[in-house]
Amino acid sequence: MNIVEQLKKHEGYRRYPYYCTEGRLTIGFGRNLDDAGVDEFEAEQLLANDIENARAAVRRRISLQYCNEPQQAVLVNMAFNLGITGLLGFKKMIQAVESGDFQQAALEMLNSRWANQVPVRAQELAKQMLSGEWQS
């Protein structure tokens, strides 16, 4: 047995955050989020994994034949923000994307409760969907 195996055995794995016996928010194999948190490198790794998961979910569920990379990124961004189930609720937008009507897709994005909740993000992504170019 090595230290990794021993700690895994003693700590156990928890996918979701929980409060340990000392009342500290904890996740994984005993990672104390209250005291240790997540450093920027770890956050970058988590982000990369989450982006890849969102990208895969979008590719499985939406036809991207008319989308260039920045337009695909809009859908991945929305899936990241809303979850794939939330994104799939944009039925008219997805229908427009799948038919290559990016003007209608952008309008559908902006005509939503989501756009009211995150107006700056929604405006930027709608412009990106319409233009097919990265927004800064």
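The values are calculated or read from the model by the stated rules, or taken from the named source; none is laboratory data. These numbers come from a predicted model, not from an experiment. Methodologically, a virtual Cβ is constructed for each residue, glycine included, from the backbone with ideal geometry; neighbour enumeration extends over all protein chains shown. Heavy atoms of the whole protein, side chains included, go into the accessibility calculation; ligands, DNA and RNA do not. Shrake-Rupley method; radii C 1.70, N 1.55, O 1.52, S 1.80 Å.
Across region 66-106, Cα-Cα pairs more than 11 Å apart make up 62 percent of the total. A straight Cα-to-Cα reach below 26 Å connects residue 91 with the lysines 127, residues fewer than 8 places away in its own chain not being considered. Note on region 6-23 and region 25-69: Cα centroid distance 21 Å, given to the nearest whole angstrom. Cut-off 10 angstrom, C-alpha nodes, Gaussian network model of the chain. Which of 79, 36, 126 fluctuates the most? Maximum among the listed residues: 36.
Mean sequence separation of contacting Cα pairs (under 8 Å, at least six apart), scaled by the length of region 17-120, corresponds to a relative contact order of 16 percent.
From the square roots a ≥ b ≥ c of the eigenvalues of the alpha-carbon gyration tensor of the chain, which class results: rounded (a/c under 1.5), prolate (a/b over b/c), or oblate? It comes out prolate by the Cα gyration axes.
Summed over qualifying helices (DSSP H, 4 residues or more, each -39500 (n - 2.57)) and divided by its residue number, the chain shows a 222 nm mean residue ellipticity of -20000 deg cm²/dmol. Solvent-accessible area per residue in the chain equals 68 Å², computed with a 1.4 angstrom probe and all protein chains kept. Neighbours of residue 66 by Cβ distance under 9 Å: Lys/Arg scored +1, Asp/Glu scored -1, total -2. The angle between the Cα long axis of helix 69-88 and the longest principal axis of the Cα atoms of the chain comes to about 60 degrees, rounded to the nearest 10. The accessible surface of the chain, taken with every protein chain in place and a 1.4 Å probe, is 49 percent carbon and sulfur. Loop sites here are chymotrypsin sites (Phe, Trp or Tyr not before Pro) outside DSSP states H, G, I, E and B with no more than 15 other Cβ atoms within 10 Å. The longest part of the chain free of them is 67-133. Where does the charge balance sit around residue 102 when Lys and Arg score +1, Asp and Glu -1, over other residues with C-beta under 14 Å from its C-beta? Result for the neighbourhood of residue 102: -3. The Cβ shell under 14 Å around residue 54 holds other residues with a net charge of +2, Lys and Arg each +1, Asp and Glu each -1. Within region 1-67, the GluC sites (Glu not before Pro) that combine a DSSP coil assignment with at most 10 other C-beta atoms in a 10 angstrom radius are 22. Using alpha carbons only, how many degrees (0 to 90, rounded to 10) separate the axis of helix 119-131 from the longest principal axis of the chain? Rounded to the nearest ten degrees, it is 50.
What's the magnitude of the charge dipole for the chain around its Cα centre, counting Lys and Arg as +1 and Asp and Glu as -1 at the beta-carbon? Answer in Debye, nearest 20.
On the way: 15 positive and 17 negative charges, 131 e Å.
Rounded to the nearest 20 debye, it is 620 debye.
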